[in-house]
Amino acid sequence: MATNEARIDKWLWAARIFKTRTIAADACKNGRVGVNGVNVKPSRMVKEGDTVSVRKPPVTYSFRILRTIEQRVGAKLLPEIYENITPQDQYDLLEMNRISGFVDRARGTGRPTKKDRRAMDAFTDFEGFDFDSWDDDED
């Protein structure tokens, strides 16, 4: 099961950091995975002792490889595969993001906010508007 080296995309999948190998390979291609501080391609070989950083916005996770594997293992065996060395400030950032809610929601997507709802109500509220005073001759 253990070898001296493993492909980074296979290792990320086998260590349960990504759900599928395709997602792991895409993360490598998009520059979200680094080994020893250098962004890597999916075919990069990693060995025991390497430090892997994985950016899953808003957090960058860091792992030290204890064992190189290419076959997926159960969650109970993960402490034998890698050591999580992610700094505490990254977890604090994750907690702040979770508490703050929809910070990254693009404007105009999702449900309207209270402010949006009030603006729509004000726009559609015609009470107080005098249609008789409307003059079509002022073109």
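Read-outs throughout are calculated quantities, based only on the coordinates presented, and are distinct from any laboratory measurement. No experiment lies behind these values; they were computed from the predicted model shown. Positions of Cβ are backbone-derived with ideal geometry, glycine not excepted, and every protein chain shown enters the neighbour counts.
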Compactness relative to 2.2 N^0.38 Å, alpha carbon Rg of region 1-113: 1.19
In whole Hz, the Karplus estimates of ³J(HN,Hα) for region 84-98 (6.51, -1.76, 1.60; θ = phi - 60°; x where Gly or Pro) are 7, 10, 5, x, 4, 4, 5, 5, 4, 4, 5, 5, 5, 5, 5
Convert each backbone phi in region 13-20 into a coupling constant with the Karplus relation 6.51 cos²θ - 1.76 cosθ + 1.60 (shift: θ = phi - 60°), then list the ³J(HN,Hα) values in order as whole Hz, x for Gly and Pro. 6, 5, 7, 6, 7, 10, 6, 10
Cross-link table LYS47/LYS76; LYS19/LYS114; LYS29/LYS76, entries beyond 31 Å C-alpha to C-alpha: LYS19/LYS114
Can you compute the modelled spin-label distance between ARG64 and LYS114, with each label point 7 Å from Cα toward Cβ, in nm? 4.8
Extension reserve of the LYS47-ILE85 stretch, reckoned as 0.36 nm per residue once the Cα distance is removed: 12.0 nm
Using amide H atoms built 1.01 Å from N in the peptide plane, name the residues 5+ places from ASP50, or on other chains, whose amide H lies under 5 Å from its own. ILE65
Whole-Hz ³J(HN,Hα) from phi, Karplus 6.51 cos²θ - 1.76 cosθ + 1.60, for region 30-35, glycine and proline x: 8, x, 9, 10, x, 10
